[in-house]
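Visitor: Below is a structure I'd like to ask you about.
The values are calculated or read from the model by the stated rules, or taken from the named source; none is laboratory data. Everything numeric in this text was worked out from a predicted model, so none of it was measured. Neighbour counts are summed over all protein chains in view; Cβ atoms, including those assigned to glycine, are modelled from backbone coordinates with ideal geometry.
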Amino acid sequence: MDIQKYIYQIYSFDFLKGLVLTFALSLPLYLGISYNMEEWAVAFALGAFYTFLPNIDGSHKHRIGGILAALLLALLITFISFLSRSISEPFFWTFFGFCVFGVSLLSVYGFRASMVAFSGHFALIMSFALLKSDLEIGLQLGLICAGGLWYLVLASLSHKIFENRSAAQNLADCIELTADYLKVKHQLLWNETENALALEQKMNRIQVALNEKHELLRELLYQKRQREGQSNRTNRQLLIFLEVLDVYELALAINSDYEALKAQIPNHLHLTDSFKNLSARSIVHLYALAEAIHKGSPLPLDSESTEMKVLCEETIQSYVIDVGLPEAREGALMLRNLMDYEYSQWQKVFSAKKIYGNILLGTETLLKRSERSKFIPTQDYDFKTFKAHFSLKSSVFRHALRLTAAMLVGLLVGRFFEHQNAYWILLTIAVILRPNFGLTKKRAVQRILGTLGGAVIASLVLFLFNSKTLFGFLAVPSIFVGLVFLQKNYRIAATFITMAVLFFYGVLVDNTIEIIKYRVLDTLIGALIAFLSVYLLWPSWEQSNIKEILDKAHNGCNKYLLQIKELYTTKTSPSTAYLLARKQAFLENGNLMAAFQRLTEQPKNKQENVSQLYAAVVLNQTFLNALAAIGTYIRNHKTTAPSEEFGVIIRGISRNLMRSENVPNEKVDNAERESMEAIQRLDKKYAELEKLRNMELETGYRPMSEEMQAKLQEGKMIRDHLKWLLGLSQNINQGVS
């Protein structure tokens with residue numbers, strides 16, 4: 001993350017949340033310390049922190065629901081925790097185990113629900129600290145409730161004030177990620193690079209992040225428009241988002257046949273400079289648009305120029321002159337397709353800039369209200385969802401068992417060694433232990449490094465100075481920075497939160513150095529328990545899940561393919577079904593990449609068939625690129641009626657994808673033969689078209705008519721991509737088999 005991105009963090013939703021919670025915590029703690037009511041202040045502050053966690057990006061309704069659910073769960077767990085202790089120690093241990101397990105299962109309902117679950121775990125852990133208080137349980141619950149409602153009011157007011165800014169910042173992040181993706185792809189396509197594998201891996205990570213950002217923006221912008229109606233600001237944001245989605249689809253398409261182009265014109269690659277410049281121009285202007293939205297500043301808008309397209313046209317003509325016809329025809333058509341993709345991408349970027357400048361605003365391109373809801377991510381809160389995961393086959397269920405066992409071990413270790421604040425062990429386990437090995441390992445390292453770094457810095461300050469006023473003053477910005485980076489960079493968050501906790505103890509007690517020793521020791525113990533648990537107890541290795549994820553990716557591609565066929569047949573604007581199929585194909589491909597990435601983070605002895613799985617991931621990505629290429633070509637060109645062969649080959653490709661999912665089909669035996677015969681007929685038709693053009697050249701008619709040029713370009717593009725898709729689908733089918 002460069003310095004500019006740290007600066008942009010100031011405009012983010014995380015910055016706002018950190019600011020609100022810092023105020024929500026600091027004010028009661030300051031008042032409590034000032035009036036010798038520290039125990040009151042701590043309980044009140046805990047209520048605010050419990051409700052902070054589910055306050056993540058999303059619709060206002062879901063945010064409020066998550067906050068209230070977390071508060072109610074925290075109150076219930078705190079009350080039962082006190083009650084169970086009053087009955088007997090064995091009863092409390094039983095409650096502790098069932099509580100950790102049951103609350104963990106809430107994460108089957110999505111990320112916000114997992115944050116509610118963590119609030120519940122945090123309340124259970126902090127009940128150990130509340131036990132030391134002299135306050136009655138009823139008063140503590142009242143203070144926790146008041147603190148939670150206090151944060152709810154502050155969060156609601158701040159969201160109301162800064163809601164539009166939050167949507168704008170997420171949109172800017174999405175545009176910047178898209179520009180990052182184009183930049184990496186530009187390096188892969190145009191530059192001879194020795195680190196191609198590293199760039200491909202970086203591009204895959206960007207795609208995963210883009211998918212998450214797309215889903216968030218669909219929820220934010222579509223629901224925002226449903227709530228506000230014809231708001232000019234929301235319309236503009238939504239239109240920009242739609243243009244950026246098209247830019248992303250074009251980016252997938254651009255390299256679909258680039259290797260074939262390099263093979264076709266190996267001695268004339270120097271002529272592609274104008275194409276490189278057009279590609280770079282789109283990237284630069286996307287970054288400029290993202291920066292303008294981040295800052296809320298005006299964006300200079302030059303008049304749309306066709307100069308770059310003219311240069312590309314001249315390049316094509318130079319190639320034709322150098323090589324001569326008819327030998328130059330194939331390369332010229334491929335260059336023209338590349339020019340069309342690059343120029344269409346530039347037009348989309350330029351349109352997004354005009355929309356931002358309020359120069360272009362066409363609401364007729366927006367979906368109807370009934371259609372918009374189909375694009376909004378929804379979460380099924382039915383009990384059937386919970387019940388379906390009540391099995392060892394579920395990774396959520398196994399994680400719940402694993403976390404329960406780890407927490408019980410942590411509790412036992414804390415009791416056995418009689419640590420000063422043994423609940424820090426439990427808190428470390430709850431924070432570090434994630435559903436998969438890679439993330440748990442990463443969290444453990446970040447937590448340890450952050451805790452050690454924060455402890456060292458805090459120790460130096462506490463040793464050099466003896467001012468409780470200074471410690472209190474430093475605790476506030478420390479907790480603020482820690483909260484801002486809680487989701488973005490956990491090592492930074494752990495560093496500053498550790499500093500804040502130790503500074504806070506420096507205000508309250510005198511033996512802070514002793515507390516630092518226990519803080520570090522408990523963190524190391526908790527990290528060790530978490531790491532051993534994820535490796536030994538009901539582990540969730542990606543190998544067992546990736547086949548299902550691969551099938552979903554193939555199914556997403558198949559639906560996208562069939563909608564492309566429908567688009568080519570009807571010659572209409574992209575339907576809602578087309579856009580939904582495209583969205584699903586992108587999402588499932590991103591999920592596949594994320595799953596493979598998690599697999600590579602596992603121990604080497606748990607990585608089976610990695611090369612074959614990598615080949616399958618690459619095949620699916622290549623297939624999606626080819627789909628995007630043919631889909632964007634059909635959308636952006638006037639095309640002829642589809643031939644009978646087109647339908648036959650599409651059916652053959654679809655059958656291959658369906659067979660890869662083990663879906664039975666009675667016509668499978670004849671599918672390959674029918675498809676190959678259709679390919680041969682297409683080859684013959686294209687050869688006849690070429691022959692007709694050659695006859696024109698022989699009779700001295702050198703200028704190609706627009707009609708002939710369009711037919712040759714479409715014929716080559718559709719034929720080549722159908723061949724490619726058919727071959728890829730066969731490889732996918734064989735690979736899965």
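Visitor: Search the stretch 58-75 for residues that are at negative phi and pair each with any residue that is of a type in the set (Phe, Trp, Tyr) and surrounded by 19 or more Cβ atoms within 10 Å (Cβ to Cβ) when their beta-carbon atoms are under 8 Å apart and the residues are at least 6 apart or on different chains.
Guide: Once the first residue is at negative phi and sits in the stretch 58-75, its partners that are of a type in the set (Phe, Trp, Tyr) and surrounded by 19 or more Cβ atoms within 10 Å (Cβ to Cβ) give 67/151; 70/50; 71/50; 74/50; 74/122.
Visitor: Could we say that residue 135 is of a type in the set (A, V, I, L, M), modelled with pLDDT of 90 or more and more than 22 Å from residue 485 (Cα to Cα) here? Reasoning before the result, please.
Guide: Details: of a type in the set (A, V, I, L, M): yes; modelled with pLDDT of 90 or more: no; more than 22 Å from residue 485 (Cα to Cα): yes.
Here the answer is no, as residue 135 does not meet what is asked.
Visitor: Among the residues that make up the stretch 508-516, is at least one of them touching a residue at least 12 places away in the same chain (Cβ under 8 Å) and among the polar types (S, T, N, Q)?
Guide: Checked against the condition, which is being touching a residue at least 12 places away in the same chain (Cβ under 8 Å) and among the polar types (S, T, N, Q), the stretch 508-516 yields at least one hit.
Visitor: Give the residues of the stretch 662-705 that are surrounded by fewer than 13 Cβ atoms within 10 Å (Cβ to Cβ), under 30 Å from residue 321 (Cβ atoms), at pLDDT below 75 and among the charged types (D, E, K, R), sorted by residue number.
Guide: 698, 702
Table: residues versus (1) at pLDDT below 85; (2) under 27 Å from residue 173 (Cβ atoms).
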| residue | (1), (2) |
| --- | --- |
| 3 | yes, yes |
| 40 | no, no |
| 46 | no, no |
| 65 | no, yes |
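Visitor: Restricting attention to the stretch 602-636, report how many residues are aromatic (Phe, Trp, Tyr) and buried (at least 16 other Cβ atoms within 10 Å of the Cβ).
Guide: Kept after step one, since they are aromatic (Phe, Trp, Tyr), are these residues of the stretch 602-636: 614, 623, 633.
Still in the list and also buried (at least 16 other Cβ atoms within 10 Å of the Cβ): 623, 633.
Residues that pass the stated criteria total 2.
Visitor: From the set of residues in the stretch 489-501 that are within 16 Å of residue 449 (Cβ to Cβ) and either of a type in the set (A, V, I, L, M) or surrounded by fewer than 21 Cβ atoms within 10 Å (Cβ to Cβ) (or both), which is modelled with the lowest pLDDT?
Guide: At the first step, the residues of the stretch 489-501 found to be within 16 Å of residue 449 (Cβ to Cβ) are 489-499.
After this cut, where a residue has to be either of a type in the set (A, V, I, L, M) or surrounded by fewer than 21 Cβ atoms within 10 Å (Cβ to Cβ) (or both) as well, the list is 489, 491-494, 497, 499.
On the way: 489: 82, 491: 87, 492: 88, 493: 86, 494: 87, 497: 86, 499: 87.
Top of the filtered list is 489.
Visitor: Output the residues belonging to the stretch 35-83 that are of a type in the set (S, T, N, Q), in a helix (DSSP H, G or I) and under 30 Å from residue 221 (Cβ atoms). It would help to see each step written out before you state the result.
Guide: Let us first name the residues in the stretch 35-83 that are of a type in the set (S, T, N, Q), namely 36, 51, 55, 59, 78, 81.
Remaining after also requiring in a helix (DSSP H, G or I): 51, 78, 81.
Answer for the stretch 35-83, where residues must be of a type in the set (S, T, N, Q), in a helix (DSSP H, G or I) and under 30 Å from residue 221 (Cβ atoms): just 51.
Visitor: Collect the residues in the stretch 422-474 that are over 26 Å from residue 119 (Cβ atoms), polar (S, T, N, Q) and touching a residue at least 24 places away in the same chain (Cβ under 8 Å), keeping them in residue-number order.
Guide: Correct list: 459 only.
Visitor: Let me ask you something else. Please find, within the stretch 123-176, the residue that is nearest to residue 205 (Cα to Cα) out of those that are in contact (Cβ under 8 Å) with a residue 12 or more places away in the chain and in a loop (DSSP other than H, G, I, E, B).
Guide: Within the stretch 123-176, the match that is nearest to residue 205 (Cα to Cα) is 131.
Visitor: So which residues in the stretch 506-562 are in contact with a Ser or Thr (Cβ under 8 Å, 6 or more places away or on another chain), among the polar types (S, T, N, Q) and over 17 Å from residue 623 (Cα atoms)?
Guide: Result: 523, 540, 545.
Visitor: I need every pair where a residue in the stretch 232-255 that is of a type in the set (Phe, Trp, Tyr) has its Cβ under 8 Å from the Cβ of a residue that is modelled with pLDDT under 80, sequence separation at least 6 or different chains.
Guide: Sorted first by the residue in the stretch 232-255, then by its partner, the pairs are 241/221.
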